[in-house]
Amino acid sequence: MVQTRRRSFFLGCLALTAAYTVSGKLALLLAVPPGYASPVFPPAGIAVAAMLIAGPATLPWTFLGSLALNVWTGYSATHAIGVAGLGAAIAIAGASTLQAAVGGAVLRRAVGSPAPLDNGRDLARFLLLSPAFCLTSAALSMGSLLLLGVVKLPDLLGNWASWWIGDTLGVLVVLPLMLIIAGEPRDLWRRRALPVGVPIILFFALFVSIFVRVGKWEQDETLLEFRLLSREVVDKMRAELEEREVFLEQLERSFTLRAELSQSDFQHLVQSLLQRFPLIQAIEWAPRIDARSRSDFEAAQRAGVPDFEIREAGPSGYPRRARDRADYYPVTYVEPLRGNEEAVGFDLASDRDRKTAVERAITTARLAATAPIRLVQEEAEQKGILLIFPVLGGSNGVGVLVVAQRMDTFLDGLLAPFHSMVAVRLADLEAQEPIYGGLSPARSGASFEDVFTFGRHRYSIQIVPTASYLERHRRWQSWAVLARGAIGISLLGALLLLGTGYARRVEAVVDERTRDLEAANRRLQLEMQERQQAEAALGQAQRMEAVGRLTGGVAHDFNNLLMVVSGNAVLLSKQASDEAMRRHTSAIMRAVERGQRLTRQLLAFSRRQTLRPESVDLRQRKSEIFDMLRQSLRGDIELTIDMPTDLWAVMVDPAELELALLNTGVNASDAMPHGGRFHVQARNVSFSSGTTPSEGLNGDFVVLKLSDTGTGMAPEVRARAFEPYFTTKEAGLGSGLGLSQVYGFAKQSGGTALIDSEIGKGTTITLYVPRAGAASVIYVDNGTAPLKQPDEPRTSPQADRIAANK
């Protein structure tokens with residue numbers, strides 16, 4: 001049983017942990033961004049209810065459930081758990097566990113455990129104390145998150161308020177449901193499942209559905225400006241890139257129409273355009289140079305740039321002289337030159353991505369963009385792209401005009417007006433590589449995505465609202481709907497609990513009054529039965545007493561007559577002159593002896609027989625009693641005698657005791673015609689005043705229970721069994737004096753005899769005989785004291801046994 005209870009408790013604790021984790025995860029789906037807490041947090045009610053029902057042993061499992069929930073939530077948001085995230089999870093789990101301990105202890109003291117919550121005082125305490133102890137987790141958790149940097153100071157108050165209210169409503173709504181599932185008193189809470197639990201669940205589900213609908217409407221209204229901003233960002237980005245394409249087209253016409261340009265001409269040509277597009281990193285001119293013209297080209301350029309040569313990036317990333325190839329596209333002119341010196345002389349054809357874009361631009365005669373690359377002049381790690389526009393004729397020959405664009409610089413400047421409102425991520429779909437931004441999905445779940453094509457590349461742009469935007473556009477309609485609904489549900493639950501509690505108290509009072517009436521009725525019936533039994537016993541005793549007086553008087557007078565007859569028969573036998581006379585006198589003497597035995601039995605019943613009591617140790621006579629009874633019983637009857645080692649000695653007439661045992665044994669043998677079992681059991685008993693079960697006994701006695709497995713007696717036979725000459729045996733098979741002798745012997749010895757019998761279940765004769773030397777033994781006769789008679793001729797015990805058998 002202990003193992004079963006431990007296993008049940010362990011399974012219950014596992015269920016507590018699972019319920020805390022799963023219900024908490026579902027509740028966080030209702031959290032209103034950018035907050036961290038749900039308007040209703042059921043795990044708070046589950047944890048406090050577990051502490052209230054089962055005590056502090058549930059607290060480690062509450063901690064485990066809260067830790068699992070917060071680790072799960074943190075991993076779902078970032079797909080990683082850092083030191084700060086793990087610390088936050090542990091801090092929140094500790095605060096939640098402490099709140100469960102405080103809340104459970106407070107409620108145990110205020111409303112008790114088991115907690116029926118069936119009266120206004122206890123319900124008022126529950127409703128007032130719940131908001132107080134729910135301050136524990138909100139204060140400690142938000143303080144920990146503030147120290148860990150998860151929550152910023154401006155957001156502290158709002159998040160703390162929603163956390164506290166969510167825990168409070170969770171306790172008010174869920175704790176009664178938990179008590180219905182596992183609370184005590186079990187009968188009361190089980191009966192509340194339908195009238196209390198079902199309405200709470202249905203109304204809560206209704207308000208949650210309303211919250212979801214209102215929340216969707218609220219979110220659409222909140223994100224309307226976000227969508228407009230996102231479209232504006234995308235349009236502005238495409239416009240900026242298209243303006244660069246237009247700029248390159250204009251620049252290409254200048255190259256085509258003008259004579260060969262020098263460095264100063266190129267600077268003058270692009271200066272105004274650089275002022276118009278300050279976010280451009282550099283504008284470059286890269287003519288196509290074949291291998292035969294390489295030396296002459298390098299020599300010509302050294303006039304302006306002394307160390308000019310066509311270069312490429314080496315394996316380690318440092319520039320080196322370009323290897324031999326059929327064609328080169330060296331960067332010849334760069335504006336602005338300052339900060340872009342590393343790009344001068346770099347061969348665009350030496351890099352696969354750059355060469356691909358150049359060839360695409362030459363082939364299509366249109367603008368082409370490179371995949372995300374690291375610019376030659378880049379000292380940081382940000383990515384950039386090259387916008388390449390072909391120049392296919394004119395005085396300056398074939399080549400490409402290049403716009404070098406640092407993407408972080410470009411997009412940071414472009415998105416500066418929107419940084420507080422949205423976060424942007426740009427990726428090259430062809431290269432499958434991000435270019436800008438590393439945002440994670442917004443807590444609101446809202447995002448804007450678009451795809452556009454520029455420079456023969458497809459770009460994906462993803463935009464999400466920032467926490468600042470959500471905070472600025474935060475709406476409380478849905479939260480207020482759910483909070484008001486939860487408060488209404490908790491009040492409804494309190495009213496239902498109060499109503500069911502009142503009904504239970506009324507039922508308890510009715511049940512108690514009914515039980516009292518039933519008990520009084522049973523007592524009255526018992527008293528009536530006892531009175532009837534007492535009246536019947538009194539009538540039986542009076543009848544037995546009357547019969548005893550009559551029998552005793554008749555036996556006494558008859559015994560005196562027998563003494564006269566006996567004396568004369570003795571004289572006649574002495575004077576007999578022949579054998580016939582002696583036979584007649586012997587017949588007279590035998591008849592006299594039989595009459596004396598009958599009168600002795602009648603005197604025993606009437607308690608007028610002269611007894612010679614002495615101390616008898618039944619344990620020492622156990623074997624003699626066994627042998628005597630064995631001779632009176634048939635062989636198919638099993639005989640057993642049970643006497644404890646501490647059995648008291650008794651004060652009785654030994655011969656009369658043996659005769660009583662023998663008479664009982666003979667009757668038992670007759671009652672078991674097909675065999676059976678006759679059992680003799682002795683034990684010590686003591687009766688004090690007022691506790692005696694029968695016949696007014698008081699003091700120490702030895703009880704002899706003589707039991708058989710015979711046919712038993714009907715109630716009307718049992719009532720007359722001790723009467724002299726009453727017998728159910730056939731004529732000539734019994735005189736009806738055996739049990740009357742047993743009764744008279746027991747009563748005259750200072751005890752009593754009882755009979756218990758039922759048809760088919762056997763008969764038990766119980767003799768109460770006084771303990772030897774017990775001064776406390778008192779015999780209370782119902783009006784008749786024993787009469788001592790003159791000494792009468794006594795037959796031997798063997799003769800008495802013969803008479804009893806007859």
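The values are calculated or read from the model by the stated rules, or taken from the named source; none is laboratory data. Since we're looking at a predicted model, the values are computed, not measured. Positions of Cβ are backbone-derived with ideal geometry, glycine not excepted, and every protein chain shown enters the neighbour counts. Heavy atoms of the whole protein, side chains included, go into the accessibility calculation; ligands, DNA and RNA do not. Shrake-Rupley method; radii C 1.70, N 1.55, O 1.52, S 1.80 Å.
Assorted remarks:
- With contacts taken as Cα pairs under 8 Å at a separation of at least 6 residues, the chain carries a relative contact order of 9 percent.
- Largest-first principal axis extents, alpha carbons of the chain, Å: 199, 58, 43
- Looking at the range 615-688, the accessible area is 44 square angstrom per residue; that uses a 1.4 Å probe and ignores ligands, DNA and RNA.
- Here is the result for the range 1-93: no trypsin sites (Lys or Arg not before Pro) lie in DSSP coil with at most 12 other C-beta atoms within 10 angstrom of their C-beta.
- Solvent-accessible surface of the range 1-104, averaged per residue with a 1.4 angstrom probe and all protein chains in place: 45 square angstrom.
- Cα-based helix-to-principal-axis angle, 120-133 vs the chain, degrees rounded to 10: 40 degrees
- Whole-number percent relative contact order across the range 294-334, with pairs defined as alpha carbons under 8 Å at least 6 apart: 25 percent
- Beta-bridge orientation, the chain: approximately 90 percent antiparallel, per DSSP, counting only bridges with both partners inside.
- Approximate spin-label separation Arg292-Arg458, in nm, with each point projected 7 Å along Cα-to-Cβ: 4.4 nm
- Proportion of all alpha-carbon pairs of the range 64-212 beyond 27 Å (%): 34 percent
- Degrees between helix 654-671 axis and first principal axis of the chain (Cα, 0 to 90, nearest 10): 70 degrees
- When peptides 270-278, 166-174, 391-399 are sorted by average Cβ neighbour count within 10 Å, with the highest value leading, the order is 166-174, 391-399, 270-278.
- Sequence-distant aspartates and glutamates (8 or more away, or on other chains) whose Cα lies within less than 13 Å of Lys747: Glu545, Asp653, Glu656, Glu695, Asp781
- Heavy-atom accessible surface of the chain: percent carbon and sulfur, 1.4 Å: 58 percent
- Rough spin-label spacing in nm, given labels placed 7 Å along Cα→Cβ, for Leu491 and Ala182: 3.2 nm
- Computed from label points 7 Å out along Cα-Cβ, the spacing between Val509 and Leu206 is 3.2 nm.
- Per residue, the convex hull around the alpha carbon atoms of the range 25-124 comes to 104 Å³.
- Averaged over its residues, the range 280-434 has an accessible area of 45 Å² per residue, based on protein heavy atoms and a 1.4 Å probe.
- Among the GluC sites (Glu not before Pro) in the range 251-334, those located in a DSSP loop and surrounded by at most 12 other Cβ atoms within 10 Å of their own Cβ are Glu260.
- The long axis of helix 579-605 is offset from the longest Cα principal axis of the chain by roughly 40 degrees.
- Listed residue (Gln271, Gln748, Ala380) projecting farthest to the positive dipole end of the chain, Cβ model: Gln748
- Relative contact order of the range 372-425, taken over Cα pairs closer than 8 Å and 6 or more residues apart, is 28 percent.
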